[in-house]
Amino acid sequence: RARHRDERATETSAPVPPSAPRAPDLETRIGGSWFNWIGIIAVTFGVAFFLKYAFDNEWVGPTARVLLGVGLGLGLLFEGERLRARGLAAYAHVLSGGGILILYLSGYAAFAFYQLVGQVPAFLVMAAVTTTAVLLSSRYNARSIAVLGLIGGFLTPLLLSTGRDNQVALFGYIALLDAGVLALAYFKQWRGLNHLAFGATVLMQVGWLAVWYGRYGTARLWPTIFFLTLFFLMFSMLAILHNVLKQRRARWSDISLLLANATFYFGVSYGLLDDAGYDAVLGSFALILSAFYVLLFYFTYQQHRADRLLRYSFVGGGLTFLTMAVAIQLDQQWVTIGWATEAVVLTWIGLRSDEDSPRLVALGVFALALAHWFSYDLVDFAYRADGVFIPLLNRRAVSCAALIGAFAGATWLYARAGAEVEDDERSILITIFVLAANLLALTLLTVDVSDYFAQAKERAAGLADDPGAMRARLQNTHLFALSILWTLYGAAALIVGILRRMLALRLAALALLGVTILKVFALDVGYYAAAWHVLLFNQTFIVFALLVGALACVAWVYARSEKIDPTERAIAVPALYGVANLLAVAALSVEALGYFDRSTTNLRDVRLAQQLSLSVIWTIYGGAMLVVGLARRNQLLRVMALALLGVTTLKVFFWDLASLDRIYRIISFILLGAILLVVSYIYQRRQQRTASAEERR
């Protein structure tokens with residue numbers, strides 16, 4: 001029994017595994033971490049203020065000032081090492097970072113303020129400080145010290161600048177600095193240093209190009225291309241080193257650096273080579289980059305086949321530069337075409353690798369390509385008076401077609417995507433792509449038509465006997481062509497929106513048709529009485545007729561589509577038929593006014609004939625619309641007919657009675673009266689039949 005009691009006691013007193021360490025609370029974070037950084041910053045500022053006060057009062061000379069700074073920096077480094085050995089690692093890192101910063105400032109002061117040392121010794125001192133920062137960050141496993149060293153290292157050539165250019169020394173130093181920082185990032189897996197080093201390297205290159213390159217013309221072209229290529233290769237190899245050789249899957253941060261590196265290198269190199277007159281090699285340059293990414297893909301496929309994101313990114317790079325090579329060789333707008341290709345490739349990469357980031361970046365690249373086309377291609381390749389313009393066969397049309405094709409490709413990819421894309425995301429993005437593609441297509445067609453007529457007007461000015469009349473006629477035809485284009489495009493887009501159940505496309509198409517109607521009344525109608533117009537066979541009446549037919553056709557499709565929400569159908573169909581009838585009345589009225597305005601008879605007789613024709617047209621049309629409304633049991637048509645007849649009645653009694661001659665008044669009143677009587681008879685018969693039917697029940 002005693003033995004069993006001991007065993008039970010042993011079981012109950014078994015050691016409990018230690019729990020995971022608790023995360024520090026807010027108080028601990030403030031006192032232990034935040035105050036640490038605030039403290040070192042405060043000390044640095046305090047020392048700086050004290051030294052400035054001492055310097056201003058000349059308590060110490062320049063050499064002593066620099067030595068004080070060096071001593072303080074070294075003292076902080078030694079104290080950091082001592083505290084780290086005692087287990088206060090976080091505190092030691094902050095002290096060491098402050099020491100590195102003070103040493104940088106001391107070296108800069110010795111060179112720039114007091115001229116105690118020359119440029120070369122100062123450069124060596126600051127390089128040694130940078131090396132110390134790198135070594136300490138590796139020893140302490142402290143990323144913050146590495147960041148300070150990187151910042152100080154890149155500031156060194158700026159701080160020690162003498163105002164004279166030394167390209168080889170500058171970029172040679174940056175290459176060595178990058179190599180050290182990238183090596184540290186490789187061994188410590190601090191990938192953020194890669195991005196910081198790349199950003200700093202780009203800033204240094206851009207700064208040098210802005211300040212010095214233009215002073216030499218093309219004399220520094222090839223050294224500049226050499227260093228651009230060197231840095232491009234260094235940052236391109238990061239993916240191989242970090243991911244392929246170590247068999248680690250790439251993250252989107254790695255791919256973003258890859259894309260930024262390729263974009264910067266190709267863009268800057270292309271600009272330099274183009275300015276230097278090397279047009280013939282630009283296509284080959286893009287082709288070489290395409291082959292480079294194909295090689296990277298092949299190596300990754302052989303060594304690290306599981307990393308789909310990286311493989312697809314290399315494929316995307318190869319395809320993008322191949323597309324740009326073709327565009328450059330054909331003298332097309334490679335910027336828009338390249339971005340369009342890159343956007344659809346990023347979409348493909350994101351969908352195939354099931355990564356959100358590439359798809360989000362693709363949207364930004366699409367936006368850039370769209371903005372570039374509207375900002376540059378659309379303007380730079382418009383018609384010029386000294387050139388020849390062919391609609392749809394010009395450079396902006398090619399880049400526009402490439403961009404539309406990219407939107408179509410992205411739409412197809414999302415439509416075929418599976419469970420990796422949510423239905424809402426798929427629906428929204430497909431809608432955006434479809435609207436963007438249609439906006440591009442409509443804009444291109446519009447500006448090409450406009451430029452075609454601009455060219456025709458320029459040519460007519462030197463050939464016609466009456467240039468003014470010829471320009472007016474061409475302007476009328478120009479407006480007519482745009483109205484036809486917008487009407488057909490709007491109607492087709494609306495029908496597609498109905499059949500494909502795309503509400504946004506339907507709304508955009510309705511807006512386009514609305515703008516077209518406003519344009520017709522604001523501009524096209526201005527030529528209603530043009531001398532070259534023939535009754536019913538002229539641009540103004542044809543546009544009205546086409547609008548009426550398009551609206552009626554769309555209303556017919558709306559009414560028979562089972563995919564449309566019944567509420568929307570109940571609103572859209574009557575509205576479309578109503579607008580179509582109003583346009584028909586307007587078309588006949590404008591045609592009558594134009595016909596009599598073109599006549600050569602007495603002005604007073606023309607006005608009388610116009611007023612009578614309006615009354616006749618409105619009366620006949622109102623009566624016919626009422627008959628159709630009754631036959632088809634369409635209340636909207638009946639209401640519109642009664643409204644039109646009411647307006648006509650007011651016109652006859654208040655306008656025609658006062659202004660028309662007797663014969664015109666007679667015709668107007670008789671016709672109106674006859675129509676109204678017929679209408680009244682029809683309604684009474686209808687009422688009688690209804691009453692009889694109720695009695696039979």
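A few notes on this one:
- Cα Rg over Rh - the range 605-658, Kirkwood: 1.09
- Spacing of the two label points (7 Å from each Cα toward its C-beta) at residue 536 and residue 654, in nm: 3.3 nm
- The range 612-653 and the range 276-338 have Cα centres spaced 67 Å apart.
- Simple label model, 7 Å out from Cα along Cβ direction - residue 624 to residue 393, nm: 4.3 nm
- Förster-model FRET efficiency, 25 Å R0, residue 607 and residue 678, C-beta, rounded to 0.05: 0.30
- Based on Cα contacts under 8 Å between residues 6+ apart, the range 125-259 shows a relative contact order of 18 percent.
- Judged by the ratio a/c of the largest to the smallest principal axis of the C-alpha gyration tensor, the range 261-382 counts as oblate, that ratio being 1.5 or greater while a/b is no larger than b/c.
- Rounded accessible area per residue of the range 156-310, 1.4 Å, Å²: 46 Å²
- Sequence of 389, 541 when ordered by accessible area, the most exposed leading, probe 1.4 angstrom: 541, 389
- The portion of the accessible surface of the range 286-445 made up by carbon and sulfur, rounded to a whole percent, is 65 (1.4 Å probe; DNA, RNA and ligands excluded).
- Where a label projected 7 Å from the Cα of residue 167 along Cα→Cβ would reach, residues of the range 188-220 with amide N under 12 Å: 208-220
- Size descriptor, Kirkwood hydrodynamic radius, that averages inverse alpha-carbon separations across the range 544-600, Å: 12.6 Å
- Chain lengthening between residue 477 and residue 288 when straightened (0.36 nm per residue, less Cα-Cα): 63.1 nm
- Tail weight of P(r) past 18 Å, computed on alpha-carbon pairs of the range 365-407, percent: 27 percent
- A Förster distance of 51 Å, applied to the separation of the beta-carbon atoms of residue 690 and residue 415, puts the FRET efficiency at 0.45.
- If the Kirkwood radius is taken over C-alpha pairs of the range 430-518, then at 37 °C and 0.692 mPa s the Stokes-Einstein diffusion coefficient equals 227 µm²/s.
- Global geometry of the range 184-253, whether rounded, prolate or oblate, following the gyration tensor of its Cα atoms and the 1.5 cut on a/c: prolate
- Surface share of carbon and sulfur [accessible, 1.4 angstrom probe, percent] for the range 144-275: 68 percent
- Spin-label model, residue 500 to residue 639: label points 7 Å out along the Cα-to-beta-carbon direction sit 3.4 nm apart.
- Between the beta carbons of residue 485 and residue 507, assuming R0 = 22 Å, the FRET efficiency works out to 0.65 to the nearest 0.05.
- You can think of it this way: the chain between residue 241 and residue 206 has 9.9 nm of extra reach, that is 0.36 nm per residue less the Cα-Cα gap.
- The range 303-385 - percent relative contact order, Cα under 8 Å, separation 6 or more: 27 percent
- Stretchable slack from residue 78 to residue 562, in nm (0.36 nm times residue separation minus alpha-carbon distance): 166.1 nm
The values are calculated or read from the model by the stated rules, or taken from the named source; none is laboratory data. All of these numbers come straight from a predicted model, not from anything done at the bench. Glycine gets a Cβ as well: all are built from the backbone with ideal geometry, and neighbour counts include every protein chain shown. The area values use the complete protein model at the heavy-atom level, side chains included, leaving out ligands, DNA and RNA. Shrake-Rupley method; radii C 1.70, N 1.55, O 1.52, S 1.80 Å.
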